[in-house]
Amino acid sequence: MARLTVNLCGIELDNPIIPASGTFGFGYEFAELYDINCLGTFSFKGTTKDPRYGNPTPRIAESASGMLNAVGLQNPGVEAVISEELPKMRQVFDKPVMANVSGFSIDEYVYTASRLDVEEQVGWIELNISCPNVDGGGVAFGTSPEMAAKVTAAVRAEVKKPLIVKLSPNVTNIAAIAKACEDAGADGISLINTLLGMRIDLKTRQTLLANTTGGLSGPAILPVALRMVWETYKAVKIPIVGMGGVSSSEDVIEMMLAGATAVGIGAANLIDPYICRDIIQTLPETMDKYGISNLKDIIGGAHG
Amino acid sequence: MKESIFRILTNKQIAHDTYEMILRGNTEHITRPGQFVNIKLDGFYLRRPFSVCDLEGDDLTIIYKVVGSGTEKMSTLVPNEELNLLTGLGNGYDTKSSGKAPLLIGGGAGVPPLYWLAKELLAEGKQVSAILGFNTSNEVFYEAQFKKLGVSTLITTADGSYGIQGFVTDALTNLESFSYTYACGPEPMLKAVYDAAETSGQYSFEERMGCGFGACMGCTCKTLYGDKRICREGPVLVKEEIIWQG
Ligand SMILES: Cc1cc2nc3c(=O)[nH]c(=O)nc-3n(C[C@H](O)[C@H](O)[C@H](O)COP(=O)(O)OP(=O)(O)OC[C@H]3O[C@@H](n4cnc5c(N)ncnc54)[C@H](O)[C@@H]3O)c2cc1C
Ligand SMILES: Cc1cc2nc3c(=O)[nH]c(=O)nc-3n(C[C@H](O)[C@H](O)[C@H](O)COP(=O)(O)O)c2cc1C
Ligand code: FES
């Protein structure tokens, strides 16, 4: 179905649908339910140099049309990802996958990205400089244009695969940060990561999350994500993976009109595990409804 | 795991703030007592997890306590309404290691999964006893159902308004020897049973869940056998692996 294909940093995707990092594990839970080769690609769980247990529980809280998470980058570490997860993933997914990388220093980012860069299965490196749930990590790099440029340039110098930098919405000027990453050599931008939030339990008068704060995702954040994708599209020429609250084929089209070349789907997978497959199936019908013959034609279409 | 639509057959109050709901749908992925289902409710973003209390062909029973707005909403649902369920979640209890005379210990909203477990153990020819603990007399449920199965059942209430006064562990002395322990209930109860019971056993835990099927890492706990997701490698842990967090 060529009308759904898009090109993300030089790699052709059968469709723009990309399950977002942290909501799709390494793919196998979903592969039990449907053939995940129908996806454009997916971004696997945020990987760090060393194994991480993550934050204490409760790590999850509900909110109107969304959820907070404070998982804190639980992952087995890059060596185990390469020796155990990637071989298992190969059994269920034969397309290039997006490797989501986190770190606590520039050296760690460079180390982890370089280790994954040489893996044949990896199509793109997605540099997560936006995790709000770990102290001193991730988000510290994502909140200033200078730091974002520094880590992007350092990783760029060491990796050959397309480099996508994932930005935090918890900033005042997203466009400036995106531009700094582009200038430092990024091949693409993905956004948004979760919005920092919290909940308090009325009965105990304590915060619901053990980590106090967590990241908000789900339909509640769609308008914020659209606005930030819109601003980023105006500021950069490299492709954008737009995400935040996307839950239907209509949302996918809206995200692309704002400027996204591909579309990430996060929390929605947790509530309806078939959602990505279903969105891919319903996209052609929704495109017909809105007179779209080819998805490529609508990227940034709302910018006039 | 399977996602499918279930139709409500009955939804009735059986004790104070406690309801029994029977649902009909595709149950083929539910394989073991101790597993749970994750229910989508209109108006709520996250699904709500509930243990399978009983399974008869296509009919699934859950028992839920009203503790917040989701369970409040469930209590207003009427027969023939449909619900979207993820079924076949979690590892469930292993009945094979129970020995000849297993003891089931449940507290409040932890009692439901022990009912189906009791049926399975009895079907394997085991001699099953149970201690079911509640706060007070109007919260007691399923005593008659357990007894009808042939389970020798003791009830405790914290205020002594019914059965034995005290906690489930206070009833342990009323029992002859037992070979194994299966427990489900609030964490302080599980810890008390863990400390009091001399036998090995299996303990079912709760955690706040994002997905219920292993994708989000929201429900992880530490065990002596490595990190586990309560929704996938749990909710049932064997006694030997449990690490109690402060
Ligand atoms: C594996 C498992 C099996 C369970 N089986 C039963 C059962 O058989 N009967 C029963 O009455 N209850 C059971 N529970 C607890 C039940 O899931 C909660 O009482 C219910 O989710 C509360 O929803 P609410 O909207 O009324 O509460 P709210 O407090 O308004 O819910 C807010 C959020 O917190 C979550 N939450 C609140 N309390 C709990 C809890 N104790 N455990 C996990 N998540 C919680 C909710 O799912 C929701 O996402 C089980 C929980 C787990 C994890
Ligand atoms: C449970 C959970 C875990 C996440 N873990 C990661 C992660 O490891 N790395 C990352 O870059 N983003 C992570 N995210 C952010 C998502 O990839 C996505 O950017 C965000 O949730 C917004 O999209 P959504 O509203 O569709 O969920 C996580 C989100 C959730 C809900
Ligand atoms: S609730 Fe998502 S992994 Fe257990």
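Quick note: the coordinates plus some simple rules give every number you see, no bench work behind them. The model shown is predicted, which means the values in this text are computed figures rather than measured ones. Cβ atoms come from the backbone with ideal geometry, glycine included; neighbour counts cover every protein chain shown.
In table form, for the structure just shown:
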{"read-out": "Proximal lysines to B:Lys100, defined as alpha-carbon separation beneath 17 angstrom and excluding residues fewer than eight positions away on the same chain", "value": "B:Lys119, B:Lys126"}
{"read-out": "Quotient of C-alpha Rg and 2.2 N^0.38 Å, computed over region B:207-246", "value": "1.09"}
{"read-out": "Average beta-carbon neighbours from other chains, 10 Å sphere, peptide A:17-26", "value": "2"}
{"read-out": "Rounded, prolate or oblate (a/c below 1.5 giving rounded, otherwise prolate when a/b exceeds b/c) for chain A by Cα gyration tensor", "value": "rounded"}
{"read-out": "Amide hydrogen neighbours beyond the local backbone of A:Leu208, cut-off 5 Å, H modeled", "value": "A:Arg199, A:Ile200, A:Asp201"}
{"read-out": "Mean shadow area of chain B, taken as a quarter of the surface of its Cα convex hull (nm²)", "value": "12.4"}
{"read-out": "Peptide A:52-61 - average C-beta neighbours from other chains (10 Å radius)", "value": "5"}
{"read-out": "Chain B, relative contact order [Cα under 8 Å, separation at least 6], %", "value": "18"}
{"read-out": "Debye intensity ratio I(q)/I(0), log10, region B:1-74, q values 0.15, 0.18, 0.19, 0.23 Å⁻¹ (C-alpha model)", "value": "-0.48, -0.71, -0.79, -1.16"}
{"read-out": "Along chain B, longest interval not containing exposed GluC sites (Glu not before Pro), exposed being DSSP loop plus at most 13 other Cβ atoms within 10 Å", "value": "B:29-80"}
{"read-out": "5 Å-binned pair-distance histogram of region A:148-262 (Cα, whole percent)", "value": "2, 12, 20, 19, 16, 12, 9, 5, 3, 1, 0"}
{"read-out": "Residue-averaged beta-carbon neighbours from other chains (10 angstrom radius) around B:199-209", "value": "2"}
{"read-out": "Taking all pairs of distinct alpha-carbon atoms in region A:84-194, Kirkwood radius in angstrom", "value": "13.9"}
{"read-out": "10 Å binning of all Cα-Cα separations within region A:12-97, expressed as whole percents from 0 upward", "value": "16, 42, 33, 9"}
{"read-out": "Three-way shape label, the protein assembly as shown, alpha-carbon gyration tensor, a/c 1.5", "value": "prolate"}
{"read-out": "Straight-distance crosslink candidates among aspartates and glutamates, where the alpha carbon sits under 12 Å from A:Lys150 and sequence neighbours closer than 8 are dropped", "value": "A:Asp107, A:Glu182, A:Asp183"}
{"read-out": "Spatial extent of region A:47-143: Rg and Dmax, with the Cα atoms as the point set, Å", "value": "14.3, 42"}
{"read-out": "Mean shadow area of region B:95-203 over all directions, Cα convex hull, nm²", "value": "5.8"}
{"read-out": "Dipole of region B:126-246 [Lys/Arg +1, Asp/Glu -1 at C-beta], most positive-end residue of B:Tyr225, B:Leu154, B:Ala130", "value": "B:Tyr225"}
{"read-out": "Point-charge dipole on Cβ atoms (K/R +1, D/E -1) for the protein assembly as shown, about Cα centre, debye to 20", "value": "420"}
{"read-out": "Reachable lysines from A:Lys237, criterion Cα separation under 17 angstrom, eight or more residues apart if same chain", "value": "A:Lys166, A:Lys179, A:Lys296"}
